[in-house]
1. Which aspartates and glutamates does LYS35 reach when only Cα atoms under 17 Å apart count, and residues fewer than 8 places away in its own chain are ignored?
2. Suppose R0 equals 25 Å. What FRET efficiency, 1/(1 + (r/R0)^6) with r the Cβ-Cβ distance, do GLU32 and MET98 give to the nearest 0.05?
3. What ranking of PHE56, PHE38 emerges when the number of other C-beta atoms within 10 Å of each C-beta is taken as an exposure proxy, fewest first?
4. Which far-off residues, 5 or more places away or on another chain, put their amide H under 5 Å from the one on GLY79, with H placed in the peptide plane?
5. What relative contact order, as a whole-number percentage, does the chain give when Cα pairs under 8 Å and 6 or more residues apart are counted?
6. Taking amide hydrogens as modeled 1.01 Å from N in the peptide plane, which residues meet the under 5 Å criterion relative to ILE65, leaving out close sequence neighbours?
7. Which one of TYR89, LEU48, PHE38 has its Cα pushed farthest toward the positive end of the charge dipole of the chain, where Lys and Arg give +1 and Asp and Glu give -1 at the Cβ?
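Nothing in this text is a laboratory measurement; each read-out follows from the coordinates by a stated rule. Bear in mind that the values here come from a model prediction, so they are computed numbers and not experimental data. Here Cβ is always computed from backbone atoms with ideal geometry, including for glycine, and neighbour counts include all displayed protein chains.
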Amino acid sequence: MKNTNTVKKTRLELYIEHYWNKNEPVTSEFIEHIKNNFLDPNEDPNELIEMEYEVFTCSICGRRIDDSYSNNAQPINNGRCCDRCNAKYVIPARINRMRVGLDPRAVR
């Protein structure tokens, strides 16, 4: 049985999460950009949407990943990983493998 979590978010929150660069602050300009370019004018940006998603454990550090997104942990292993391990281990490993001409996603 899969461990799942249910969350309610507004339509606007879902769009912001999807398009937000986590290295940048969420500004009022960014929110307006989302509203003007991605939301259908017929949709209510404040409508609550219930989402169910699987809760993961990071296959690298073991931390719980309880948001709706996780990362492919290859080439470190064949599991899913958190954003921190993706940035700290997975992406550098892929870059190093490309530098030496190996498949960046093949598990060692």
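1. GLU13, GLU17, GLU43, ASP44, GLU47
2. Details: r = 38 Å, r/R0 = 1.51.
It comes to 0.10.
3. Numbers: PHE56 20, PHE38 15.
Fewest-to-most ranking of PHE56, PHE38: PHE38, PHE56.
4. It is ALA73, by chain and number.
5. On the way: 140 pairs, mean separation 24.5, N = 108.
Reported relative contact order: 23 percent.
6. For ILE65, the qualifying residues are PHE56, THR57, CYS58.
7. Checked the options; the winner is TYR89.
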